[in-house]
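A quick write-up on the structure given underneath.
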Amino acid sequence: MTATAEIIDGTAAAVRAGRRARTRRRTVAVAALVILLIGLSIAMLTLGNTVYPLGDVIAVMLGYDVPGASFTVGTLRIPRTLTGVLAGVAFGVAGVTFQTMLRNPLASPDVIGITSGASAAAILSLIVLGWGSGATMTLALLAGVGTAVVIYIAARGGTSTGGRLILIGIGIGAMLDAVVAYLLVRAQVYDVAVAARWLAGSLNGARMEDVPPLAVAVFVLAPIVLMLSRDLRALELGDASAAALGVRVDRT
């Protein structure tokens, strides 16, 4: 019994040491990324065709009128920086969520067809319907969610929902990419340029009024994902094992 107890204690100590080591590595990595993000944000606000001192940038952010900097920094650079940071957070959360849920490091919204659904709807809105940016964004969002629902429904019923979801998503994504290609081929040259810019994404036209909707989406949905993170990690063990641990697999 003593030898068995020593083995158990040693195993428990090794597990605790491994957890502490992973926590330290994660903390160091997150801290380094936060410092890098702050540094790049400062560079984006201060550097450009005209270089402004950090003091002028802070004054503009506090609401003071600084000749030259008020327009360049306040109207152009701050919206671009905020949009870039928030979009990056959204992309990161989406990617890690799908990778964890589907137990595949290559899984992401663009790989399994969700992005293709949103893109097809956006191109349809811009080229065929002639809608503006607000209506296009709304239609793309609804189409992305709708595509995700269709893929999930089609993937249910197998022994490995994650694997089926990836394969079905890739197939649906290929079909939707074909729709996008067809619409671009049939469109006028000017419309193709507008659509290509929308598909690739650009911070060039970012405005301050575009920031609040993105911020609300990130600060509302990211905490929900964090609340589900424990169940998502359990899904890495497989659907059956996760269900045995009390996870409601379908809902999660």
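Every number in this text was worked out from the coordinates using simple rules, so none of it is lab data. Since this is a predicted model, take the numbers as computed values, not measurements. Every residue, glycine among them, receives a Cβ derived from its backbone with ideal geometry; neighbour counts consider all protein chains shown.
Shape of segment 126-252 from its Cα gyration tensor (a ≥ b ≥ c, root eigenvalues): rounded if a/c is under 1.5, otherwise prolate when a/b > b/c, or oblate?
It comes out oblate by the Cα gyration axes.
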In deg cm²/dmol, rounded to 500, what helix-only [θ] at 222 nm does the chain give when every DSSP H run of at least 4 residues adds -39500 (n - 2.57) and the total is split over its residues? -24000 deg cm²/dmol
Candidates THR50, THR11, THR115; GNM for the chain (alpha-carbon contacts under 10 Å) flags as most fluctuating THR11
Extension length gain for GLN188 and ALA90 (0.36 nm per residue less Cα distance), in nm, is 32.0 nm
Can you give the three extents of the C-alpha atoms in the chain along their principal axes, from longest to shortest, in whole Å? 79, 50, 24
For the chain, what relative contact order do you get, as a whole percent, if you take Cα pairs closer than 8 Å and at least 6 residues apart? 20
The chain, Gaussian network, Cα under 10 Å: of LEU106, LEU126, LEU37, the residue fluctuating most is LEU37
Using R₀ = 35 Å, calculate the FRET efficiency as 1/(1 + (r/R₀)^6) where r is the Cβ-Cβ separation of ARG251 and VAL216; round to 0.05. 0.90
Treating only Lys and Arg (+1) and Asp and Glu (-1) as charged, each at its beta carbon, one finds that the chain has a dipole about its Cα centre, in Debye to the nearest 20, of 600
Which of SER229, ALA215, ILE38 sits farthest toward the positive end of the charge dipole of the chain, with +1 on the Cβ of Lys and Arg and -1 on the Cβ of Asp and Glu? SER229
Ratio of segment 1-136's C-alpha Rg to 2.2 N^0.38 Å, to two decimals? 1.69
Tell me the angle of helix 114-123 to the major Cα principal axis of the chain, expressed in degrees between 0 and 90 and rounded to the nearest ten. 20
What's the local net charge at SER41, with K and R +1, D and E -1, over the other residues with C-beta under 12 Å away? +2
Identify, among LEU82, THR23, GLY144, the residue whose Cα sits farthest towards the positive end of the charge dipole of segment 1-153, taking +1 on the Cβ of Lys and Arg and -1 on the Cβ of Asp and Glu, with the dipole about the Cα centre. THR23
Most fluctuating residue given options GLY171, GLY162, GLY132, as computed from a GNM of the chain linking Cα atoms under 10 Å: GLY132
Neighbour-count order for SER119, SER229, fewest beta carbons within 10 angstrom listed first: SER229, SER119
